[in-house]
Amino acid sequence: MKGMCIGLLAMVVLSGCGPVKNAVNPYEENFRCRAKDSEGQCVDTPTAYRQARVPDPATETTSAVQDEAQGERYRAISDLLAAPETPLLNPPKILRVLLLPYRGEANELFMSRYAYLEIEPAEWVLTEVREH
């Protein structure tokens, strides 16, 4: 009996935390990035943060196609603004109000939530007819 206890104790000590680790985290921990080259980079978190904060100027080049597309957008917007009969819709002004938790009249609890109020309605601009 004493030998069996010593053998069992030796097995537990020599096995370490292997079975416990598999019970706590049953997933494999060997991470392999399977991203394609066109889908981004596989980098660790500090490197990704550094690249996002301070981009490498050598890799930040704009192509002629991107410059041409941006120029097209500017021309389209300036044409819209130059045409007197083109109406545009100004979006409404919305106010978001935070309502803090409070107790109601019947002693019920109302938790915090947001209420949205329309301060100014949407209106058409660049037209000759005013809708007010």
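Values quoted throughout were computed directly from the atomic coordinates according to the rules given, and no laboratory measurement underlies them. Computed from a predicted model, the values in this text were never measured in an experiment. Reconstructed Cβ throughout: ideal geometry from the backbone, glycine too, with neighbour counts over all protein chains shown.
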Problem - Distance in nm between pseudo-label sites at residue 79 and residue 106 (7 Å out along the Cβ direction from Cα) - result: 6.1
Handout entry: Fully extended contour minus Cα-Cα distance, from residue 114 to residue 41, at 0.36 nm per residue
Key = 22.4 nm
Handout entry: Label point distance in nm, residue 123-residue 98, each placed 7 Å from Cα along Cα→Cβ
Key = 3.1
Handout entry: residue 68-residue 51 pseudo-label distance in nm [points 7 Å out on the Cα-to-Cβ vector]
Key = 2.9
Handout entry: Residues whose placed amide H lies under 5 Å from that of residue 123, excluding near-sequence neighbours
Key = 90
Problem - Local net charge near residue 73, Cβ-Cβ under 12 Å (Lys/Arg +1, Asp/Glu -1) - result: -3
Problem - Karplus-derived HN-Hα couplings along the range 100-114 (A = 6.51, B = -1.76, C = 1.60, θ = phi - 60°), whole Hz, x at Gly and Pro - result: 6, x, 8, 9, x, 5, 8, 6, 8, 9, 9, 7, 5, 6, 9
Handout entry: Formal net charge of residues neighbouring residue 101 (Cβ-Cβ distance under 13 Å; K, R +1; D, E -1)
Key = +1
